[in-house]
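The values are calculated or read from the model by the stated rules, or taken from the named source; none is laboratory data. Computed from a predicted structure; not experimentally measured. Neighbour counts are summed over all protein chains in view; Cβ atoms, including those assigned to glycine, are modelled from backbone coordinates with ideal geometry. Please note that ligands, DNA and RNA were not included when accessible areas were found on the heavy atoms of the full protein model with its side chains. Shrake-Rupley method; radii C 1.70, N 1.55, O 1.52, S 1.80 Å.
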Amino acid sequence: MNPSVDLATRTEQVVPTHKLRCEATQHDAGGGGVNVARVLTRLGGRCVALCPAGGPSGEWLKHRMLDDGLSTTYLPITGETRVSFTVHEAATGAEFRFVMPGPVLSPAEWQSGLQHLLDLADFPDLLVASGSLPPGVPVDFYAQLARLCKTRGGRLVLDGSGPALAAAMAEGVFLVKPNLRELSELVGRPLETPDQWQAAACGLVQSGSAEVVALTLGHLGALLVTREGIWSAGALPVKVVSAVGAGDSFVGGLVWALQQGQSLLDAFAWGVSAGTGALLSASTGLCCADDAVNLRCQVRTVRLPS
C-alpha cells in the first residue's frame with residue numbers, strides 16, 4: 001500500500017552542511033510488496049502486484065515495474081507516490097537509508113484496494129501484504145485483509161511492523177515474517193536469547209495468531225515455527241554488499257517456492273537463499289535468480305527440540 005521510487009547512490013563521506021558529491025543514481029521500483037513481486041518474478045513465479053500510484057513519480061513507478069516484467073493493477077490516487085533513497089558511504093561502508101512516509105490516502109482510495117480484491121472472481125491462494133502503511137490508511141488495514149482472506153479462502157503472508165502488525169496478529173494470518181526487533185515489539189518484551197525468541201515465535205503459533213512464523217535473525221540465520229515443529233537455518237558465509245531488501249527477498253523466495261508446490265521447509269530454505277542473495281547486490285538491487293539458485297544448496301535446516 002506504500003510503494004516508492006527507490007533511489008540509491010554513493011558518496012565518499014556523509015557530513016553535515018557541505019554539498020555531498022554523489023555518483024550516478026540507481027533507480028528502482030520499491031516498497032515491501034513491490035520488492036517481493038520483483039524477486040518472485042525473477043525466480044520465474046507468477047503474481048499480480050496491486051498498489052496505489054499517483055503523480056509524476058507514480059508514472060515513473062509504472063514504467064519501471066513494466067520494465068521489470070511485473071503484472072500490476074494500479075489504484076489511482078491524488079497524492080504523489082513517495083521517493084526514498086539510500087546513500088552508501090564509501091569511506092566506512094555504512095549505508096544511510098532515508099524512507100519517506102508516503103502520500104495521504106483518502107478513505108475511498110485505500111478502500112478501493114479492498115474492493116478490488118472483493119470483486120475478484122478467482123481469489124488468490126496466496127496474498128502477500130508487505131511494508132508500511134501510508135498516512136490515512138487505518139491501523140487495522142492488514143487485519144481487514146486477514147478477514148477478507150479467511151472469507152475467500154486465501155492465505156495471507158504478512159511482513160509488517162508496529163500497531164498494524166499487532167492488529168493483524170489479533171485477527172490471525174497464515175504466515176508472518178518478523179525480524180527480531182519486530183517480534184520483540186509485537187510480544188512487548190526484550191528477546192535476547194535463542195530460548196526467548198523461540199518461545200515468542202511458538203507463542204504466536206499456539207495462540208492462533210499465525211499458522212507459520214518465519215523469523216529472520218540477520219547474521220544469526222532464520223527460524224521456522226509451525227505446530228509441527230521448529231527449524232533453524234544458519235546464516236550463509238557471504239561478503240555483504242548491502243542489506244537493503246534482504247527481508248523482502250526472503251519473502252519473495254519463500255512464496256515462490258510455495259507457488260511451485262514445494263514443502264514449507266523447502267520454501268523456508270529458498271527464503272534463506274534469496275534473502276542471502278540480496279546481500280550480494282548493491283543497494284536496492286534485491287536478489288538475482290542465479291544467486292538464489294547457487295546459494296540454495298548451501299542452506300542447511302536443523303530441527304530443534306520443541
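General observations
- The one condition in (1) at pLDDT 95 or above; (2) farther than 21 Å from Asn35 by Cβ that Tyr74 fails to fulfil: (2)
Rundown of residues vs (1) over 20 Å from Ala129 (Cβ atoms); (2) within 17 Å of the chain's Cα centre (by Cα); (3) of a type in the set (Ser, Thr, Tyr), yes/no style:
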site: Gly32; (1), (2), (3): no, yes, no
site: Ala37; (1), (2), (3): no, yes, no
site: Leu40; (1), (2), (3): no, yes, no
site: Cys47; (1), (2), (3): no, yes, no
site: Cys51; (1), (2), (3): no, yes, no
site: Glu59; (1), (2), (3): yes, no, no
site: Lys62; (1), (2), (3): yes, no, no
site: Gly69; (1), (2), (3): yes, no, no
site: Ile77; (1), (2), (3): no, no, no
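- Residue check for Pro134: more than 21 Å from Val39 (Cβ to Cβ) and either free of Cβ contacts under 8 Å to residues at least 60 places away in the same chain or in contact with a Cys (Cβ under 9 Å, 6 or more places away or on another chain) (or both): no
- Residue that is of a type outside the set (Val, Ile, Thr), without any contact (Cβ under 8 Å) to a residue 40 or more places away in the chain, under 24 Å from Thr216 (Cβ atoms) and open to solvent by 40 Å² or more (accessible area, probe 1.4 Å), where the choices are Ala166, Ala108, Ala143: Ala166
- Here Glu80 clears all of (1) assigned to a helix (DSSP H, G or I); (2) in contact with a helix residue (DSSP H, G or I) (Cβ under 9 Å, 6 or more places away or on another chain) except the condition numbered (1).
- Filter result (open to solvent by less than 60 Å² (accessible area, probe 1.4 Å) and part of a loop (DSSP other than H, G, I, E, B)) within the stretch 22-71: Gly31, Leu43, Gly44, Gly45, Cys47, Gly54, Asp68, Gly69, Leu70
- Filter result (open to solvent by 20 Å² or more (accessible area, probe 1.4 Å), part of a loop (DSSP other than H, G, I, E, B) and hydrophobic (A, V, I, L, M, F, W, C)) within the stretch 243-302: Ala243, Leu279, Leu280, Ala282, Cys288, Cys297
- Count - residues of the stretch 214-242 that are in a strand (DSSP E or B) and open to solvent by 10 Å² or more (accessible area, probe 1.4 Å): 4
- Residue check for Pro305: closer than 20 Å to Ala201 by Cα, open to solvent by 10 Å² or more (accessible area, probe 1.4 Å), at pLDDT below 95 and not acidic (Asp, Glu): yes
- In the stretch 90-138, residue nearest to Cys51 (Cα to Cα) [restricted to those that are of a type in the set (Asp, Glu) and not in a strand (DSSP E or B)]: Glu109
- Beta carbons closer than 6 Å, at least 6 apart along the sequence or on distinct chains, pair a first residue in the stretch 84-99 that is loosely packed, with under 12 Cβ neighbours inside 10 Å with a second that is among the acidic types (Asp, Glu) for Ala91/Glu12.
- Single match in Leu186, Leu175 (criterion: surrounded by 19 or more Cβ atoms within 10 Å (Cβ to Cβ) and either at pLDDT below 95 or in a helix (DSSP H, G or I) (or both)): Leu186
- Residues within the stretch 78-89 that are more than 25 Å from Leu50 (Cα to Cα) and among the small types (Gly, Ala, Ser), tallied: 0
- Criterion violated by His27 - all others in (1) closer than 20 Å to Gln115 by Cα; (2) free of Cβ contacts under 8 Å to residues at least 60 places away in the same chain satisfied: (1)
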